[in-house]
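Right, one structure below, let's go through it.
The values are calculated or read from the model by the stated rules, or taken from the named source; none is laboratory data. Please read these numbers as outputs of a predicted model, since none were measured by experiment. In this analysis, Cβ positions are derived from the backbone assuming ideal geometry, glycine residues included, and neighbour counts consider all displayed protein chains. Surface areas here come from the heavy atoms of the whole protein model, side chains and all, with no ligands, DNA or RNA. Shrake-Rupley method; radii C 1.70, N 1.55, O 1.52, S 1.80 Å.
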Amino acid sequence: MTSPAENELDVSQENKGEEDDFVDPWNVNSKADTGIDYDKLIVRFGSSKIDEELLSRWSKVIKAPLHHLLRRQVFFSHRDMHTILKYVEEGKSFYLYTGRGPSSEAMHVGHLIPFIFTKWIQDTFDVPLVIQLTDDEKFLWKDLKLETAKKLAYENAKDIIACGFDVNKTFIFSDFNFIGDEAHFHDPYFRMTRDVAPRLGYHKPALLHSTFIPALQGAKTKMSASDENTAIFLTDTPKQIKNKVNKHAFSGGRSTVEEHREMGGDCSIDIAYQYLRFFMEDDQQLEKIKKDYESGALLTGELKKILIETLQPIIAEHQKRRAEVTDDVVKQFMTPRKLNFIIKSDK
């Protein structure tokens, strides 16, 4: 679950030119109020859109409803997911791989999205998972002291474990402990792997790409762990969540209540609504909120209240689970061992 790309050009070069959007493994910026044009990214980077055909097949294979992050195309792009579904249909094996670049002690809600979805995939397909913590990269490029980088990785591991992964099927590792050199988990490096793997007799890795959860100030950029006012952090109190949403969440409402009642709000730029797309599971409730806001029946303050009441219990529950993650639990997840993984024949 990484940022998109596939041709052989360097990512920074791919973004040069007349395009308003800029996306590389570290930065996200757009001049449009609605944020990144993900359809253009799919074309630019040569990935495949997660379309209705794939969603229908996925639901049929698992014989269950899809996760709301899939239904709403928060995960919008892929590489070779049809191959993975074919493996499942044929009873073959696969494993999951994702990661986190620990640049701050406290993760924010945007960091939760890939791990929430990864857990759903692990539970749905009953497969093992490897999670890479690129603490060496942050040490090299974020001007962190060695011990600080290692500590951030350890603290981030607790947040990841608190998402509920199966310890018997999950291995978390730190680059400093297992690689000792710079390593990344962004899409450009997977592209190289997809090119080289078949030459070595291995399968190409399949990938899923998620949209970015925008900063509270608007969809032109993503949340930043270095600016506490752009994001809802997993350490925030209910009061902090309320204050941040009310004070900083960009509104798609009108200048006055009268104008809003008459003309309605714009959900495409309203941050409270956009966050609900990520965190409210009920499709019918979300659609009603959209309809009411765009008709003017629901005011901006009321929409923000709904978001606050949605986020507060999610963050509180995560904090409760994290408090139960002891040093011994972290050690267990980060100890090399045989995972509960039955290798099935590709024949």
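Restricted to the stretch 85-101, and to residues there that are among the hydroxyl-bearing types (S, T, Y) and modelled with pLDDT of 90 or more, the residue that is most open to solvent (accessible area, probe 1.4 Å) is Y95. Of the helices (runs of 4 or more DSSP H) lying entirely inside the stretch 103-174, those containing at least 1 residues that are free of Cβ contacts under 8 Å to residues at least 40 places away in the same chain and either over 25 Å from L311 (Cβ atoms) or more than 18 Å from the chain's Cα centre (by Cα) (or both) span 135-141, 146-161. For D282, only one of the following conditions fails: (1) more than 25 Å from F117 (Cα to Cα); (2) open to solvent by 20 Å² or more (accessible area, probe 1.4 Å). What is its number? D282 satisfies every listed condition except (1). In summary, R79 fulfils each of the numbered conditions (1) modelled with pLDDT under 90; (2) open to solvent by less than 20 Å² (accessible area, probe 1.4 Å) with the single exception of condition (1).
Taking the stretch 176-277 and the helices (runs of 4 or more DSSP H) fully enclosed by it, the elements with 1 or more residues that are open to solvent by 20 Å² or more (accessible area, probe 1.4 Å), within 26 Å of V28 (Cα to Cα) and at pLDDT below 85 are at 187-196. Tell me which residues, restricted to the stretch 94-114, are of a type in the set (A, V, I, L, M, F, W, C) and within 24 Å of A323 (Cβ to Cβ). A106, M107, V109, L112, I113 - these are the residues of the stretch 94-114 that are of a type in the set (A, V, I, L, M, F, W, C) and within 24 Å of A323 (Cβ to Cβ).
Scanning the stretch 289-309 for residues that are farther than 10 Å from G265 by Cβ and either within 23 Å of the chain's Cα centre (by Cα) or crowded, with 18+ Cβ neighbours inside 10 Å (or both) gives I289, K304, I306, L307, I308, E309.
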